[in-house]
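Student: Dumping the structure here so I can ask a few things about it.
Here, each number is a calculation from the coordinates, and none is a lab measurement. No experiment lies behind these values; they were computed from the predicted model shown. Here the Cβ positions follow ideal geometry from the backbone for every residue, glycine too, while neighbour counts run over all protein chains shown.
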Ligand code: PLP
C-alpha cells in the first residue's frame, strides 16, 4: 500500500514512454526522489545503485552540483537564445569548439539538436541535402542493422532495427535496409567461425550495395557497440571492413555514439575502440550527463563543404530546432566535459573495465545465463534456458524483467532489453561500487533461479 498522492496522480494522469499502460495502472510508478553519486533513492526511502546511469547517460553521477551551478549561472546571464540565421551565443560556440577538438581528425563542424532521435533525423536530412546539392537526389537510401537503435521519431525510428519500433507505426517511412545484426553468439550460423561470420556480413553488405546500386545509397549508420538492442559487440574486423566498403562506394559512414561517446567504452569515442573513422558522428546522453537535453552531430570537412556549398546555392539549410544549441544545455555540456576531463572519468572507465567485466563474466556459468558480453563500462547478460542451443526462456522476453525486478529488490537498477540484462553504470563508479553491483546482481540471479526451480 502506498498512500502517496504522487503515486495516485501518476496513475491518473501520466502516460509513460515504453510502458504497458494497463500494467502501470495496476503496478504504479517507482518514484525516484533524490540522487547521490551513483545512487538514487525512491519515495519509500530505499536506496539503489543506478547501474544503467539513468538511460545510459549520467556519466558524472546524480548529484553533481557543478552542473547545477553552470545551469543557474547561464540562466541568469542569458537563459535562451537561438542560433538561426547567423545569431550565436558563447555556450554553443564554445561547446562546438570543444567537440571539434575532441573529435577524430578532420571532423570540425557541429550541429546541435535536443535529442538523439532528432540528431539522427538531422543526419538523414543532411545526407539528402548534401546529395541533392551534388546533383544526385537518387542517392537516398540508408543502410542500418537489425537490433540497431537510433531513436523513435519517424526517420530515426525507421533507422532503428527493432520490430517493436516499427510494428503499428507504419515504419520504416524512409528507404532503409536493415542488415544482419553483427552479434556472433546469436547470429553466427552452425559451425561458422567468428571470422567466417564477419566475412559473411561484409559480403551481405557488398551484395546489398551491388543489388540496390551504390548510386541509390546515401549512408550506413551503426552504433560501434550496440546498446539499446541488447549490448552487442561486433566481431573483430567488422567495422574496418564496413568502413572500407563504404569508402569504395562513396557511402557516408555514420557512427551513432549516443551511448558509446565520451568514454563509455574506455576511449573517447566508440569508433576509436572499434577501429574506424566515420564521416558523421552523433553524440548525446553523456554529453551533458543528461542533466539537460542536448545532442550534437559532428561532421567531417568533406560533408560540411558539400552541405555549405548547397546552402550557398539555396540560401539556407532548411532545418533546425528552437532548442538547437540551447545556451543552458551547452553550458551544462561544457562543465560536464570539463569534469570528465579533470577527473579523468574516461580513464576511470578504462581502468575499471577489467574488474567490471571479469566480475560479470563470473556469471557466465550461472544456470540462467547464456552469454556475458561487454567492453569498457557497458555490458549485457543474455539469459538463456539452454546455453548450448541458445534457446531463450518462454514466453519470449519474460526472464530479463524478472531478473531486473529481483535486482531492484536487491537495490540495483539495471534494464531488461529483450532477453538481456543491461548494465551501464555512471563513469564515476569506484571499484567498491563495482563489487557491490556484482554482489547485488548475483543475489538477484540466485533468487530468480530458486523461484524457477521451485
Ligand atoms: N541513438 C542511440 C544509439 C541511442 O541509444 C538513443 C537512445 O537511447 C538514441 C539514438 C535516441 O536518443 P533520444 O532518446 O535522445 O532521442
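Student: Does region 223-333 classify as rounded, prolate or oblate by the C-alpha gyration tensor (a ≥ b ≥ c root eigenvalues; a/c under 1.5 gives rounded; else a/b over b/c gives prolate, otherwise oblate)?
Tutor: Cα axes put region 223-333 in the oblate bin.
Student: Let me ask something else about it. Plugging the Kirkwood radius over Cα pairs into Stokes-Einstein for the chain, at a temperature of 25 °C and a viscosity of 0.890 mPa s, what D comes out in µm²/s?
Tutor: 107
Student: Based on alpha-carbon centroids, what's the gap between region 324-375 and region 116-173 in Å, whole number please?
Tutor: Each part's Cα centre sits 27 Å from the other's.
Student: Over region 67-342, what relative contact order in percent results from Cα pairs under 8 Å that are six or more residues apart?
Tutor: About 28 percent, as a whole number.
Student: Separate question: What ranking do 15, 102, 30 get, fewest neighbouring Cβ atoms within 10 angstrom at the top?
Tutor: By the 10 Å Cβ count, ascending: 15, 30, 102.
Student: Shifting gears a bit: Once fully extended, how much extra length lies between residue 354 and residue 101, figured as 0.36 nm per residue of separation less the alpha-carbon to alpha-carbon distance?
Tutor: This chain segment gains 88.2 nm when fully extended.
Student: Roughly how many Å is it from the Cα centre of region 402-454 to that of region 32-74, as a whole number?
Tutor: 19
Student: Another one. Provide the percentage of antiparallel DSSP beta bridges, counting only those with both residues in the chain; round to the nearest 5.
Tutor: 65
Student: For the chain, what does -39500 (n - 2.57) per DSSP helix run (n ≥ 4), summed and divided by total residues, give at 222 nm, in deg cm²/dmol to the nearest 500?
Tutor: Rounded to the nearest 500, it is -13000 deg cm²/dmol.
Student: Also, I was wondering about something else. Each label point is 7 Å from the Cα along the Cα-to-Cβ direction; what then is the distance between the points at residue 443 and residue 212, in nm?
Tutor: Distance between label points: 4.9 nm.
Student: Which three semi-axes in whole Å describe the equivalent ellipsoid of region 147-236, each the square root of 5 times a Cα gyration tensor eigenvalue, listed largest first?
Tutor: 23, 18, 11
Student: Based solely on C-alpha atoms, express the radius of gyration and the Dmax of region 379-429 in angstrom.
Tutor: 11.9, 38
Student: Quote to one decimal, in nm, the extra length available between residue 311 and residue 189 on full extension: 0.36 nm per residue of separation minus the C-alpha distance between them.
Tutor: 39.2 nm
Student: For region 252-392, what does the convex hull of the Cα positions come to per residue, in cubic angstrom?
Tutor: Value for region 252-392: 163 Å³ per residue.
Student: How many angstrom separate the Cα center of region 8-22 from the Cα center of region 237-298?
Tutor: That distance is 34 Å.
Student: A further question follows. For labels at residue 66 and residue 84 in the simple 7 Å Cα→Cβ model, what's the distance in nm?
Tutor: 3.5
Student: Let me ask another. Which of 212, 410 comes first, and how do the rest follow, when ranked by fewest Cβ neighbours within 10 Å?
Tutor: Fewest to most other Cβ atoms nearby, the residues stand as 212, 410.
Student: Just rank 34, 313, 141, fewest to most, by other beta-carbon atoms within 10 angstrom.
Tutor: 313, 34, 141
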